[in-house]
1. Leaving out ligands and nucleic acids, and using a 1.4 Å probe, what accessible area per residue does the stretch 303-457 come to in Å²?
2. In whole Hz, what ³J(HN,Hα) sequence does the stretch 415-425 give by Karplus (6.51, -1.76, 1.60; θ = phi - 60°), x for Gly and Pro?
3. Ignoring ligands, DNA and RNA, how do Asp483, Asp406, Asp160 rank by accessible area with a 1.4 Å probe, largest first?
4. Net charge around Asp272, counting only other residues with Cβ within less than 12 Å of its Cβ (Lys, Arg = +1; Asp, Glu = -1)?
5. Packing-wise, with mean Cβ within 10 Å as the measure, how do 345-356, 444-455 rank, highest first?
6. Report the trypsin sites (Lys or Arg not before Pro) located in the stretch 351-457 that are in a DSSP loop and have at most 10 other Cβ atoms inside 10 Å of their Cβ, or state none.
7. For the chain, what is the mean residue ellipticity at 222 nm derived from helices alone (per DSSP H run of n ≥ 4: -39500 (n - 2.57); sum divided by total residues; nearest 500 deg cm²/dmol)?
8. Relative to the present Cα-Cα distance, how much length would full extension add between Glu387 and Ala253 at 0.36 nm per residue of separation?
Amino acid sequence: MTAQTRTHSPSTVSGPDLVVAQTRSLPQDFVLGVATAAYQIEGARHEDGRTDSIWDTFAHTPGAVVAGDTGDVACDHYHRYAADVELMRSLGMQSYRFSTSWDRVCPDGGPVNAKGLDFYERLVDSLLEADIAPWLTLYHWDLPQALEDLGGWTSRSTVDRFVEYALAVHDRLGDRVSTWTTLNEPWCSAFLGYTGGEHAPGGSSPADGLAAAHHLLLAHGRTVQELRARDASLELGLTLNFTVADPVDPQDAGDRDAARRIDGQMNRIFLDPIFRGAYPADVLEDVRHLGLEDHILDGDLDVISTPIDVLGVNYYNGSTVSARPAVATSVADSVPDSVPATARPTRSPFPAADGVHTHPSGLPTTSMGWPVQPEGLTRLLVRLHEEYAGPAGVALHVTENGAAFDDVPDDRGFVDDRHRTAYVRAHLGAVLDAIEAGVPVRGYFYWSLMDNFEWAWGYAKRFGLVRVDYDTQERTPKASALDYARVIATRRLPVPWDLQAAGASSSSAGPDRDGADPAAQLQA
Ligand code: FCB
């Protein structure tokens with residue numbers, strides 16, 4: 001089947017509020033691409049031997065996902081992958097970050113299903129033919145339900161099953177894929193899944209979240225060891241999701257402690273074991289009553305801190321936190337930074353942050369309610385480099401960054417999404433700021449190639465550069481896709497003079513550092 005794809009002339013993109021004032025050049029070896037994940041795009045739920053993951057079960061649970069949406073069909077990428085690769089090629093993507101589905105490769109977490117691997121082989125071969133570098137993620141949250149029934153990530157035996165699955169994927173694709181990341185955002189798998197309950201499997205236990213976090217880290221470390229032993233030339237690592245936690249009042253000790261807890265239980269709880277071979281002492285103290293240490297066996301931290309080559313950085317927004325609840329002073333202020341997707345009861349995903357409150361940051365927000373804060377990305381990259389990645393000689397890549405907005409298609413299905421265009425430009429500018437500050441950031445993947453199943457939000461939130469009409473599966477590149485394609489083609493980043501269009505509060509714009517004629521760039 002061929003996906004229908006509409007094309008539009010790149011000139012569609014220039015609107016009055018995105019007139020380019022200056023441009024900045026991108027380092028020649030900086031890689032630009034897009035990211036997706038298996039459950040969010042593939043569909044083909046039971047095809048060619050695939051069995052259910054925790055996300056199939058969860059999505060089919062009444063009330064768990066907005067509008068009862070599921071990933072049964074999603075973007076039908078399983079059947080349309082060839083056209084999707086062609087679409088990426090036409091947009092000039094240099095790299096594609098995707099995940100393999102554990103339940104397709106090892107149904108029920110058991111023996112290998114050759115047909116599942118055939119699909120990823122076809123995908124990888126098409127990418128290579130299109131000159132798009134594959135970046136493979138082994139786990140983007142789709143644990144086989146059969147393994148969840150045995151305890152899931154709270155059980156240590158899941159680690160062994162994960163290593164078997166990882167090696168099966170490597171057996172087939174190890175000769176063609178050079179960048180392998182084990183996990184995507186273990187914070188979400190552990191704490192949104194087992195503690196907060198907003199994600200599959202929908203648990204509500206702080207202790208389970210901590211057990212899951214430790215076993216996820218162990219699965220990461222074991223897999224890196226095994227893959228490294230097979231092939232020393234592979235680039236190995238994982239992707240973490242980060243926040244930049246700022247106290248509402250930096251003078252207030254309670255607010256500073258709130259920021260410390262969020263930083264500890266979101267960022268450092270993963271960074272420290274991986275880069276320093278130890279959980280942070282303050283986090284261990286905060287969670288002392290929750291049994292984490294019972295799961296840490298001798299040698300675990302040595303395994304977890306096995307050296308890696310790449311750290312994937314997912315950044316969407318920072319958080320402004322306090323020991324005091326926010327008091328709404330206006331209607332806009334009453335919108336919290338993050339709202340639950342459904343009425344299903346959930347609790348804080350942080351295992352030990354009771355009494356910590358997120359306040360509106362005063363920044364404009366995306367349709368997820370997430371504040372748009374590009375300078376936070378610069379600060380994050382600088383900090384990661386200085387405190388963790390730099391000393392270990394590990395390269396940084398932004399493996400996800402993107403925005404959902406309430407897109408309005410015209411009668412041809414075209415979306416003139418200048419908010420998203422400005423968002424991407426502002427965040428790429430923030431990455432360039434970090435590079436200019438001396439941080440080796442090697443690449444950027446926009447989340448996502450196309451609109452897709454946004455977890456508990458179902459199809460209600462659209463992050464794509466490409467619009468998907470879910471009735472017809474028609475793909476239509478949005479204005480932001482054309483703008484991004486032009487950035488890739490020209491290696492120059494236009495800096496919008498009106499960063500407010502991205503909701504950005506601070507500008508990374510400077511003078512035209514390279515002296516190029518911006519008007520010429522728009523014509524390019
Ligand atoms: C990240 C996930 C990704 C997507 C974006 C919006 O946390 O890794 O799958 O849902 O958020």
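1. 35 Å²
2. Listing the rounded values in order: 10, 8, 8, 5, 4, 5, 4, 5, 4, 5, 4 Hz.
3. The ordering from most to least exposed comes out as Asp406, Asp160, Asp483.
4. -1
5. 444-455, 345-356
6. Of the trypsin sites (Lys or Arg not before Pro), the ones in loops of the stretch 351-457 whose Cβ has at most 10 other Cβ atoms within 10 Å are Arg412.
7. -9500 deg cm²/dmol
8. Full-extension gain reported as 45.9 nm.
The values are calculated or read from the model by the stated rules, or taken from the named source; none is laboratory data. Every value quoted in this text rests on a predicted model; they were computed, and no experiment measured them. When we count neighbours, we look across all protein chains shown, and the Cβ atoms used for this are built from the backbone with ideal geometry, even at glycine. SASA here: full protein model, heavy atoms, side chains in, ligands and nucleic acids out. Shrake-Rupley method; radii C 1.70, N 1.55, O 1.52, S 1.80 Å.
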